[in-house]
Amino acid sequence: MTELERIRHSAAHVLATAILKIWPDAQFAAGPPVENGFYYDVELGHRISPEDFPRIEEEMKREVKANHVFERVEISRPDALAMAERGELAALSARGVASKFKLDILQNIPEGEAITLFRNGEFTDLCAGPHVMRTGNIGAFKLTHVASAYYKGDERNPQLQRIYGTAFKNKTAMDEYFAMLEEAKKRDHRKIGAEMGLYAIDSEFVGPGMPLWLPKGAVLVEELERLAKETEFAAGYVRVRTPHLAKEKMYKTSGHLPYYAESMFPPMELKEHGEGEGTERYYLKAMNCPHHHRIFAAEPKSYRDLPLRLAEYGCCYRYEQSGELFGLMRVRSLNMNDAHIYCTEAQFAEEFRAVNEMYLRYFGIFGLEKYQMRFSTHDPAKLGQKFVDEPELWRKTEDMVRQVLVGSGINFVEVPNEAAFYGPKIDVQVWSAIGREFTIATNQVDFAVPAKFGLRYRDRDNSEKVPLCIHRAPLGTHERFIGFLIEHYAGNFPLWLAPEQVRIVTLNDDPALVEYATGILKKLRGEMVRAEADFGTDPVKAKIAEAEKARVHTMLVVGPRDMEAGNVSVRLHGKGNLGAKPKDEVVAGILESIRERKG
RNA sequence: GCCGACGUAGCACAGUGGUAGUGCAAUCGAUUCGUAAUCGAUAGGUCACGGGUUCAAAUCCCGUCGUCGGCUCCA
């Protein structure tokens with residue numbers, strides 16, 4: 001445990017001490033350090049609100065000032081149990097009632113493991129430690145928010161109040177942290193999305209979690225699609241298009257029903273006329289794979305058709321729980337950068353390698369450096385239950401995947417027992433501005449579902465075989481990927497992505513000047529550059545300020561001096577005035593930067 | 001879905017029981033200016049929605065919806 005974690009863990013104990021001094025009947029569960037601080041889960045009749053923080057912090061200060069030693073005591077299991085029964089754990093002294101959560105935790109400590117207590121002043125807690133030497137070592141701390149959490153994270157367990165705080169070695173470090181948080185909030189995609197007019201969520205008329213792309217946001221969507229289409233075309237993909245609905249049979253066959261019905265919008269019941277007179281249920285698709293499988297099945301396949309790479313920016317709908325919705329990052333309608341690669345076992349390694357390369361190429365374009373690939377593998381003990389019973393395929397594909405990852409020098413962690421039912425998968429994890437972790441892209445191997453849909457190809461030896469399927473979405477969904485890009489760039493998109501790429505600003509509305517500027521505007525727009533005009537009479541300072549605020553990537557200022565020399569003055573957003581340059585050179589530079597998608 | 005906080009003009013906010021306010025944005029007019037804000041005028045609100053208490057509710061109470069912070073979930 002790092003020193004900072006020890007400080008925070010110790011601060012959690014001090015927090016519990018303070019709460020007990022105010023509310024002696026508080027029952028504590030777990031109080032660990034976490035990424036940016038610490039928390040302690042408490043059960044208490046009183047609802048703690050931020051208004052209570054000052055007096056809790058007051059008590060905490062007293063504890064820190066008293067500079068109590070954190071004393072480690074190793075005791076026997078029976079003694080510990082007796083103390084818990086008397087309510088002496090996570091307590092100042094014996095209480096009438098048992099320390100119930102600590103008792104439960106104690107009973108779950110494996111036999112033979114040492115049981116330790118930590119004391120600071122009057123407070124004693126069951127705790128493995130370690131801690132700082134003295135409460136005085138907690139240099140600076142602050143309570144931040146209160147939330148609720150289920151005991152042991154299980155929603156069948158009682159809800160506890162989780163008091164969050166943070167602690168640092170000294171006040172300077174803490175001030176820096178809060179300043180950094182303020183900066184991060186300015187990057188929040190919800191804030192920038194509104195400022196720049198990228199998207200809107202109309203909960204009243206359209207529905208929560210279903211973003212509307214405004215004109216400027218739609219530009220981002222279309223540029224990403226263009227990138228994906230070009231990249232996939234070059235990699236030998238073919239594009240398909242599928243409806244947003246499918247019959248119930250589709251999801252019964254895929255295995256999504258009934259297990260995942262809760263994550264899907266409730267079905268529509270249609271009265272089908274003719275024979276049978278029954279009702280037919282249609283579901284909005286929550287994923288594209290089944291539709292693509294039916295495309296595979298639509299025509300007989302030979303080994304000569306493989307690998308077959310079906311790509312589609314498919315629109316899916318997932319009924320995410322209301323409390324889970326989060327800006328663009330967690331939505332109910334989403335457009336996936338989806339593709340399914342059907343291949344033979346022999347082709348698998350090469351296909352997987354190519355997919356991986358595509359990921360890295362994209363990350364390069366976006367300058368994405370802080371990410372982690374999470375490789376989820378199976379647990380051999382659970383073959384036939386949690387994982388499809390194909391030990392040889394699991395072993396082989398996981399080895400191949402691992403080799404590709406190691407070979408590319410990629411930052412990845414391997415997580416056993418987290419694979420999908422039908423095969424190993426790789427998720428790419430990134431972090432939002434405010435530090436929340438998201439899966440931005442996914443890449444899964446599937447050796448089970450194609451069989452469920454009866455997919456077959458005729459092999460060279462005239463036998464019928466089931467193809468393997470690689471499911472990949474390197475750009476994730478438009479919603480989450482753009483949400484991420486907004487924060488990644490803080491709204492300052494590279495030229496090729498910028499909703500407004502160029503704004504031409506004239507010094508005044510002199511007709512000759514306007515004609516000169518219009519010529520440049522027409523040239524740019526003729527080349528599909530998103531260029532706008534600001535030819536009005538407002539002071540140039542004001543026009544520049546407006547363009548900067550709108551995060552226009554390139555501002556071309558033209559005045560009489562430029563016109564006479566055939567120049568334009570170039571100003572880049574956030575980078576200031578670069579001075580006058582020949583107009584043709586500037587236009588050519590803009591076109592090149594866009595064509596090459598320069599960062 | 002659960003716990004908590006919040007919901008006032010497009011945005012940021014003020015308004016603690018007595019006629020709804022400020023700044024920016026918008027619209028109109030003037031300003032002809034060399035790189036982050038020229039001046040003036042106008043318009044804009046069923047104070048989320050529904051109910052209740054009160055002579056009187058943005059303000060107090062209840063419910064609903066939504067947003068936010070977490071938890072659970074995330075094929």
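The values are calculated or read from the model by the stated rules, or taken from the named source; none is laboratory data. Keep in mind that what you see is a predicted model, and the values were worked out from it rather than measured. Positions of Cβ are backbone-derived with ideal geometry, glycine not excepted, and every protein chain shown enters the neighbour counts.
When the range A:524-558 is filtered for residues that are away from RNA strand B (no atom under 11 Å from the Cβ) and part of a helix (DSSP H, G or I), the ones remaining, listed by number, are A:LEU524, A:ARG525, A:GLY526.
Listed by position, the strands (runs of 3 or more DSSP E) enclosed by the range A:39-152 that each have at least 1 residues that are closer than 28 Å to A:PHE178 by Cβ and at pLDDT below 85 are A:140-150. Residue pairs whose Cβ atoms lie under 6 Å apart, separated by 6 or more positions or on different chains, with the first residue in the range A:559-574 and under 17 Å from A:ASP510 (Cβ atoms) and among the β-branched types (Val, Ile, Thr) and the second at pLDDT 95 or above and within 6 Å of RNA strand B (Cβ to nearest atom), are A:VAL568/A:ASP562.
Among the candidates A:LEU212, A:LEU220, the residue that is under 20 Å from A:CYS315 (Cβ atoms) and surrounded by 19 or more Cβ atoms within 10 Å (Cβ to Cβ) is uniquely A:LEU220.
Within 12 Å of RNA strand B (Cβ to nearest atom), assigned to a strand (DSSP E or B), among the small types (Gly, Ala, Ser) and out of contact with any Ser or Thr (no Cβ under 7 Å at 6 or more places or on another chain): does that describe A:ALA184? Spelling it out, it is not the case that A:ALA184 is within 12 Å of RNA strand B (Cβ to nearest atom), assigned to a strand (DSSP E or B), among the small types (Gly, Ala, Ser) and out of contact with any Ser or Thr (no Cβ under 7 Å at 6 or more places or on another chain). Pairs linking a residue in the range A:250-269 that is within 10 Å of A:TYR283 (Cα to Cα) and more than 8 Å from RNA strand B (Cβ to nearest atom) to a residue that is hydroxyl-bearing (Ser, Thr, Tyr) and modelled with pLDDT of 90 or more, with Cβ atoms under 7 Å and 6 or more positions apart or on different chains, are A:PHE265/A:TYR317; A:PHE265/A:TYR319; A:PRO267/A:TYR282; A:PRO267/A:TYR283; A:MET268/A:TYR282.
One residue alone among A:ARG294, A:ARG241 is over 30 Å from A:ALA149 (Cα atoms) and either part of a helix (DSSP H, G or I) or of a type in the set (A, V, I, L, M, F, W, C) (or both), and that residue is A:ARG294. Criterion applied to A:ALA94, A:ALA90 was being within 17 Å of A:LEU20 (Cβ to Cβ) and crowded, with 16+ Cβ neighbours inside 10 Å, and the one residue passing it is A:ALA90.
Set side by side, the residues A:ALA339, A:ALA311 differ, and just one is away from RNA strand B (no atom under 16 Å from the Cβ) and closer than 30 Å to A:GLY209 by Cα, which is A:ALA311. Among the residues of the range A:115-123, some residue qualifies, meaning at least one is aliphatic (A, V, I, L, M) and closer than 23 Å to A:ASP25 by Cα.
Counting only strands (runs of 3 or more DSSP E) wholly contained in the range A:412-488, the ones carrying 1 or more residues that are surrounded by fewer than 17 Cβ atoms within 10 Å (Cβ to Cβ) and within 13 Å of RNA strand B (Cβ to nearest atom) occupy A:412-415, A:425-431, A:437-446. The criterion of being touching a residue at least 40 places away in the same chain (Cβ under 8 Å) and aliphatic (A, V, I, L, M) holds for A:LEU117.
Within the range A:514-523, not a single residue is near RNA strand B (Cβ under 10 Å from one of its atoms) and of a type in the set (Lys, Arg). There is no residue in the range A:130-141 that is under 22 Å from the mean Cα position of the chain (by Cα) and either among the aromatic types (Phe, Trp, Tyr) or near RNA strand B (Cβ under 9 Å from one of its atoms) (or both).
Residues that are more than 9 Å from RNA strand B (Cβ to nearest atom) and in a loop (DSSP other than H, G, I, E, B) do not occur anywhere in the range A:579-591. Apart from one condition, A:GLU345 fits all of (1) surrounded by fewer than 21 Cβ atoms within 10 Å (Cβ to Cβ); (2) in contact with a Gly (Cβ under 6 Å, 6 or more places away or on another chain); the exception is (2).
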